[in-house]
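Asks: Before we start, here is the structure in question, set down as structure tokens.
The values are calculated or read from the model by the stated rules, or taken from the named source; none is laboratory data. Here the structure is a predicted model, which means the values were calculated and not measured. Note that we place each Cβ from the backbone using ideal geometry, even for glycine, and neighbour counts take in every protein chain shown.
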Amino acid sequence: MARIGVLTGGGDCPGLNAVIRAVVRKGLLDGHTLFGYTYGWAGVLNGEGEELTAERTKGILPRGGTILGSSRTNPFKEGGPGVDGVLEGMARQGVDVLVAIGGEDTLGVAARLADAGVPIVGVPKTIDNDLKGTDYTFGFQTAVQIATDAVDRLHTTAESHNRVMILEVMGRHAGFIAAHAGMAGGGDVILVPERPFDIEEVCNHIRRRHANGRTFSIVVVSEGATPREGTLSTTGGGQLDAFGHARLGGIAVMLEREIEERTGYETRMTILGHVQRGGTPTAFDRVLATRFGVAAAEAVNAGHSGVMVAARGGDIVEVPISEALGDPKTLDDKFFADAAVFFG
Ligand code: F6P
């Protein structure tokens, strides 16, 4: 019997509540008690949160967001409380083992804690799907569905007005959302962080389409897409979070201006933003999140630490957390080439 502390860190994501529910239900079944730390590592450091019971997790399976709240607090940031702060927060609630649900940053903290001997199991999360070690993360499929709905809607208004429509989607380091939604929605140009673009090539492509009788074009762009060096000047900068990430968003503004000026075609942009992270998870994500949660509780039962649950083929397995860290997973060339068959 253990007391399991659960936390959700980093950007929220549809399916977090499904994981929490599954960890709690499986944990209770196996005789454990559970405590939910609020606002990620901030709750752990302050020892703050709430008891997680079957009653508390009733009805949360289809709900977006996280009942525990989330933050980008980093216990290891310069001058931060580090391992001692975490151990203190665990002791305050009598917690023996942590289940940390989060992306690269949260899992990076989890790996350091595991190395220091803190019992901890990770559950990978990000709508970007760019974590190594797992085929998929929950939340990704939901984000793709939302982005695809947006492409479909932009199509009809683009056709009506003979416009170029640009849709900016999330994806800091990887273009999974853009490539999947672009393919599913029939996008004419897809721009991703893995492949810096040349604005003139993009414009030529649109010109060719229009010369071939098409009257509109749809461009799907990841927020992290960048122009090929020397092809266009952009302004960098932006606020940094506790893990040193810049706030992205806005490449579509530049594209709207440049495409309209260079081609003469009327152009409009939409930045989808956090709509992609909100609302109810798809059935696929609910199932994946539930299986992850059950597997995390099983890892705790087995006394494992420093591991995260992962999707491999059709199975849910345990892998060392370190597998998810380091360089992000990126879109494979073949997938992009398949999407490119339909450009133009
Ligand atoms: O990592 C997930 C993500 O949604 C990225 O796609 C995006 O760049 C970032 O989080 C946005 O973070 P925030 O909600 O802190 O602005």
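Asks: Filtering the stretch 1-19 down to residues that are touching a helix residue (DSSP H, G or I) at 6+ places or on another chain (Cβ under 7 Å) and not in a loop (DSSP other than H, G, I, E, B), which residue is nearest to the ligand (Cβ to nearest atom)? Don't jump to the end; show me each part of the working.
Replies: Looking only at the stretch 1-19, we keep the residues that are touching a helix residue (DSSP H, G or I) at 6+ places or on another chain (Cβ under 7 Å), and these are 2, 4-15, 18-19.
Next cut, not in a loop (DSSP other than H, G, I, E, B) only: 4-8, 18-19.
Numbers: ILE4: 25, GLY5: 23, VAL6: 20, LEU7: 17, THR8: 13, ALA18: 18, VAL19: 16 Å.
Result: THR8.
Asks: Taking the stretch 193-226 as the region of interest, how many residues are within 30 Å of the chain's Cα centre (by Cα) and more than 14 Å from ILE166 (Cβ to Cβ)?
Replies: Count: 8.
Asks: Next up: Here are some residues: ARG257, ARG172, ARG207. Which one is at pLDDT 95 or above and surrounded by 15 or more Cβ atoms within 10 Å (Cβ to Cβ)?
Replies: It is ARG207.
Asks: Would you check if there is a residue in the stretch 177-198 being on the phi < 0 side of the Ramachandran plot, crowded, with 20+ Cβ neighbours inside 10 Å, part of a loop (DSSP other than H, G, I, E, B) and in contact with a His (Cβ under 6 Å, 6 or more places away or on another chain)?
Replies: Yes; the residues of the stretch 177-198 include at least one that is on the phi < 0 side of the Ramachandran plot, crowded, with 20+ Cβ neighbours inside 10 Å, part of a loop (DSSP other than H, G, I, E, B) and in contact with a His (Cβ under 6 Å, 6 or more places away or on another chain).
Asks: If you don't mind, there's one more thing I want to ask. Would you be able to tell me the number of residues in the stretch 20-41 that are within 16 Å of the ligand (Cβ to nearest atom) and either surrounded by fewer than 21 Cβ atoms within 10 Å (Cβ to Cβ) or assigned to a loop (DSSP other than H, G, I, E, B) (or both)?
Replies: 2
Asks: Do we have any residue at all in the stretch 163-176 that's part of a helix (DSSP H, G or I), touching a strand residue (DSSP E or B) at 6+ places or on another chain (Cβ under 9 Å) and either within 16 Å of the ligand (Cβ to nearest atom) or not basic (Lys, Arg) (or both)?
Replies: yes
Asks: Given the criteria surrounded by 23 or more Cβ atoms within 10 Å (Cβ to Cβ), away from the ligand (no atom under 16 Å from the Cβ), within 17 Å of the chain's Cα centre (by Cα) and β-branched (Val, Ile, Thr), does VAL300 qualify?
Replies: On the way: surrounded by 23 or more Cβ atoms within 10 Å (Cβ to Cβ): yes; away from the ligand (no atom under 16 Å from the Cβ): yes; within 17 Å of the chain's Cα centre (by Cα): no; β-branched (Val, Ile, Thr): yes.
No; evaluated as a whole, the condition is false for this residue.
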